[in-house]
Amino acid sequence: MKPENEAALAEMVQAADGPLRIEGGGTRDIGGLVEGDILSTAGLSGVTLYEPGALTLVAQAGTPLAEIEAVLAAEQQRLAFEPMDHRTLLGTSGTPTIGGVVAANVSGPRRIQVGACRDSLLGVRFVDGAGRILKNGGRVMKNVTGYDLVKLMAGSWGTLGVLSEVSLKVQAIPEAQATLLGQGLNIETAVQAMSAALGSPYDLTGAAFKSAGGEAMVRVEGLTESVAYRVQRMQSEMCKGWRVVEGSDSAALWQDVRDVVPFAGREGAVWRLSVKPSDAPALPEDLGHPDAICDWGGGLVWVLADHAKDVRQVMTKRGGHATLVRANTSARSTVPVFHPDPAPIAAITKGLRAKFDPRGILNPGLMG
């Protein structure tokens, strides 16, 4: 099923007599296995409003992400939250869509400065499991009362409703960017340096570490003179001996981190761990020293590890969250892909799903 407009989408959901597998561009094959008819939002495509002066863009959910980025780039603007392209890591094809980005709350290295995808989301339109067309939010940031469905839909993975349109705030592309790159470091030293840089007044937009090669990097963006000044200060303070990488070479470094390129094409399950940055140095030993990539100054850790039970046990001990992003079919059918919620949160989630999807037809089993 591939509706061409929101009304047709509502009719298809309302008429469904069984489970629906919601799909945007088909690039993020993550979550529990869903059996059901495929409902694609790819036919809901196009930028419906763009006001560069107001830093606001509205697009239908099936609009390719590349199309949105091209429209923004023509006005020297971008999506601030730097969404990951999962195709390299997962080995999938297809075309990433803006609805898929919002539904999965996909956020990249710049989250440490600007927040996640949901923090750039101004409004949504969607069809719930009963076939009702709902909308929430608008085209400007403002305080709200009642349910903030905008934030609720981001990261719901199509289990509460099928997105038809999203409104986003955007950001001007900075004049310059530079990355300070340190090599031959261990994770303890790297996290210490990244934490010092993040705690400084130098306004970082990226802080990452790769265990392979012991490579740590921090990024600054802005006016050319400001970038040069901040780089010089960090080199003399917490990043002594680190070399400077600028322009497109700097951008390539962060694309590798954003898309977890070092794990692409390699055997093994890939886990996405959310922890306190201060706990990141202990994870390699806890998990048997797997290859690791730290982002967000150590708050996000990607690991290549097959011991599912061990990962869950470690994360329970550390108080973090673990998501099984890439695994074989057997693992995905036996291991919870998303970290189990505490009982109070699980009860709230169950209630929300009953409210927005009373028949339980939207991506059943995807999130557990």
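Determine the dipole magnitude for region 144-280: charges of +1 sit on the beta-carbon of Lys and Arg, -1 on that of Asp and Glu, nothing else is charged, the reference point is the Cα centre, and the result goes in debye to the nearest 20. Spell out each step's value before the answer.
On the way: 12 positive and 15 negative charges, 45 e Å.
Dipole magnitude for region 144-280 comes out near 220 debye.
Could you give me the ³J(HN,Hα) list for region 214-220, computed from phi with Karplus coefficients 6.51, -1.76, 1.60 and θ = phi - 60°, whole Hz, x at Gly and Pro?
x, 9, 10, 8, 10, 10, 10
With +1 on each Lys and Arg Cβ and -1 on each Asp and Glu Cβ, how big is the dipole of region 261-334 about its Cα centre, in debye rounded to the nearest 20?
That gives region 261-334 a dipole magnitude of about 280 debye.
If you take the charge dipole of region 224-324 about its Cα centre, with +1 on Lys and Arg Cβ and -1 on Asp and Glu Cβ, which of 252, 234, 315 is farthest toward its positive end?
Of the candidates, 315 comes out farthest on the positive side.
Counting helices only, and only those DSSP H runs with n ≥ 4, report the 222 nm mean residue ellipticity of the chain as the sum of -39,500 (n - 2.57) divided by its residues, in deg cm²/dmol to the nearest 500.
The helix-only estimate for the chain comes to -8000 deg cm²/dmol at 222 nm.
Quick one: divide the alpha-carbon radius of gyration of region 277-368 by 2.2 N^0.38 Å and tell me what you get.
For region 277-368, the normalised Cα radius of gyration is 1.25.
Quick check on packing: order 113-119, 162-168, 190-196 by the mean number of other C-beta atoms within 10 Å, highest mean leading.
By packing density, highest mean first, the sequence is 162-168, 190-196, 113-119.
Tell me, 1, 153 in order of fewest to most beta-carbon neighbours within 10 Å?
With the fewest neighbours first, 1, 153 line up as 1, 153.
With the cut-off at 1.5 for a/c, could you classify the chain from its C-alpha gyration tensor as rounded, prolate or oblate?
Judged from the Cα gyration tensor, the chain comes out oblate (a/c at least 1.5, b/c at or above a/b).
Using only alpha-carbon positions, what ratio does the radius of gyration of region 310-357 give when scaled by 2.2 N^0.38 Å?
On the way: Rg = 13.0 Å, N = 48, 2.2 N^0.38 = 9.6 Å.
For region 310-357, the normalised Cα radius of gyration is 1.35.
Give me the count of lysine pairs in the chain whose alpha carbons sit under 15 angstrom apart, restricted to pairs 8 or more positions apart or on different chains.
The number of close lysine pairs in the chain is 6.
Which residue, chosen from 63, 156, 15, occupies the Cα position most advanced towards the positive end of the dipole of region 6-172, where the dipole is computed from +1 (Lys, Arg) and -1 (Asp, Glu) charges on Cβ about the Cα centre?
So the residue we want is 156.
Over the alpha carbons of region 176-258, what is the largest minus smallest coordinate on each principal axis, giving the biggest first in Å?
32, 25, 19
Where both partners of a DSSP beta bridge lie in the chain, what percent of those bridges are antiparallel, to the nearest 5?
Antiparallel: roughly 90 percent of the beta bridges in the chain.
Among DSSP beta bridges whose residues both lie in region 19-128, state the antiparallel percentage, nearest 5.
Around 55 percent of the beta bridges assigned by DSSP in region 19-128 are antiparallel ones.
Report, by chain and number, residues whose modeled amide H sits under 5 Å from the one on residue 291, excluding near sequence neighbours (fewer than 5 apart, same chain).
HN-HN under 5 Å from residue 291: 304.
Rounded, prolate or oblate, given the Cα gyration tensor of region 208-349, with a/c below 1.5 counting as rounded?
On the way: a/c = 2.26, a/b = 1.93, b/c = 1.17.
Since a/c reaches 1.5 and a/b is larger than b/c, the shape of region 208-349 is classed as prolate.
Collect residues whose amide H, placed 1.01 Å from N in the peptide plane, falls under 5 Å from the amide H of residue 165; neighbours closer than 5 in sequence don't count.
So residue 165 has HN proximity to 61, 125.
Label 7 Å along Cα→Cβ of residue 346; region 241-282 residues with amide nitrogen under 19 Å?
none
Once you charge only the Cβ atoms, +1 for Lys and Arg and -1 for Asp and Glu, what is the size of the charge dipole of the chain about its Cα centre, to the nearest 20 debye?
Details: 35 positive and 39 negative charges, 171 e Å.
The calculation lands at about 820 debye.
Using θ = phi - 60° and the Karplus curve 6.51 cos²θ - 1.76 cosθ + 1.60, what whole-Hz ³J(HN,Hα) does each residue of region 43-56 get, with Gly and Pro shown as x?
x, 8, 10, x, 7, 9, 7, 9, 10, x, x, 9, 6, 10
For q values of 0.13, 0.21 Å⁻¹, compute log₁₀ I(q)/I(0) with the Debye formula on a Cα-only model of region 1-64, without solvent.
-0.44, -0.88
Throughout, read-outs are computed from the coordinates displayed, never taken from laboratory work. This structure is a prediction, so every number in the text was calculated from the model and none was measured. Every residue, glycine as well, gets a Cβ built from its backbone with ideal geometry; the counts of neighbours run over all protein chains shown.
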